[in-house]
Amino acid sequence: IYADPAKRLELYFRPKDPYCHPVCANRFPTSTMLLRVRRSTKKKQQLDTEQQTQPEVQFEMEILGIVTTVYKFQGMSDFQYLAMHSGPDGKQISMYDKVLMLKPEKEEFFNRDLPLYIPPPIFSRLDTPIDYFYRPDIQHREGYNNPQVSGENLIGLSRARRPHNAIFVNFDDEEIPTKPLDAAVQNWKKVCTNPVDKKVEEELRKYLFEVRPVWSRNAVKANISVHPDKLKLLLPYLAYYMLTGPWRSLWVRFGYDPRKHPEAKIYQVLDFRIRCGMKYGYAATDMPVKAKRSTYNYSLPITVKKQGSHTVSVHDLKQGLGTAGTSGAKKSPSSRYKLKESIYIFREGALPPYRQMFYQLCDLNVDSLQKIIHRNDGTESECTERDGWCLAKTSDDLRDSMSLMIKQIIRSTRPALFSNTTSSEDGKEQLAYESGEDEDDEEEEEEDFKPSDGSENEMETEILDYV
């Protein structure tokens, strides 16, 4: 616990009870000393029979060290749920000897009839008392009628999402937008108050979208330096967002329809996930690329002390890139918010930064992959929702080739994982399946792809920033 500043120290009143809920202590910095105090008592000789002896007490103190961190239990104890049930006479009977398996048991142990016992995993998400601050009922004017109850005004999120006025387009939509919404124009003009912002707008319009009409947000952030909050307002001002199809999760320049231009196939998106598992020769724990999150490291809300995030003020937005934090800044204003190229470009011999990546086909900088993409140049006849302008199964072929490249990288860095050598043909056949599922299942999954709420993949959750 001490090694992780975000963890809270747990205290169990009944350590041997697996159903005991702990109390948690928060971590605080301090500057105190640890003392060792010795109290020695020395009896004096009795001088008079009528007088009682007066012991002589002496204290010795020694400084053992300096304490820099303390844990304070300031919260309330959580509810405790005992494994008990009521007997016929109303007396509480313990069930610990029936539900806890302390040693290997035979089949009879599991087939016994027991009262239903399902303890809740957590009772309360907070262990500190808070005031709700209930507001008084609103006094309406005469003639006011309450609105009809619908799904829009039921209790839901803690706050309404801030609209950024982006235009969303599905693959089946016939028309594409040619200009932004008026609200998007007003929002950008409101924050575009300095020359730096105007320069960023000009760079994004001329040097990015004029040269390449389709971009991912990560690719934009790797080519220009713009504050993330301002980028949320700038992208809907210059492009629309594709929800489905081969260009899903990408920003397309207003007036450009990739479904009508065969040369737009190089801008299609590829959902690539690094394959791991024992049948591939290495497990998830052996993967050099770490996952963004894992269910194995999940902690209950009461056991995590969240770190305070840096809040962006209105002053930061108005100052732009060149004035905020110039003193002592490690990066120049022209590259402060830029991402690394590896966030959107795939190169041979380099591992992706995350296990799941969204690449545009033109950003796969490998000759063998580009040959797969351009197999049908000049003969494109139909743009489909799954494969776009490419041949069928092009995405599968790209994933297989990329997986073999990554396997070779892992083999060179960790040869002990591949002690049993296999032929290249076996490797190709072995990698023809992804995540333990056959090709048909993978095809159905990709067709049913939808951005998932709560994922930490930035491109999947990007839509949530603009709803």
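Some points to look at:
- Karplus-derived 3J(HN,Hα), 6.51/-1.76/1.60, for each residue of the stretch 92-107, Hz, glycine and proline x: 6, 10, 6, 10, 4, 6, 9, 9, 9, 9, 8, 8, x, 10, 8, 5
- Peptides 68-74, 372-378, 120-126, 17-23 ranked from most to least packed give 17-23, 372-378, 68-74, 120-126, packing being the mean of other C-beta atoms within 10 angstrom over each peptide's residues.
- Apolar share of the accessible surface for the stretch 205-260: 50 percent from carbon plus sulfur atoms, 1.4 Å probe.
- Checking the cross-link pairs Lys221/Lys407; Lys206/Lys265; Lys190/Lys340; Lys198/Lys221 against a 24 Å limit on the alpha carbon distance flags Lys221/Lys407; Lys190/Lys340 as lying beyond it.
The values are calculated or read from the model by the stated rules, or taken from the named source; none is laboratory data. Note that this is a predicted model, so its numbers are computed, not measured. Note: ideal-geometry Cβ built from the backbone for every residue, glycine included; neighbour counts use all protein chains shown. Please note that ligands, DNA and RNA were not included when accessible areas were found on the heavy atoms of the full protein model with its side chains. Shrake-Rupley method; radii C 1.70, N 1.55, O 1.52, S 1.80 Å.
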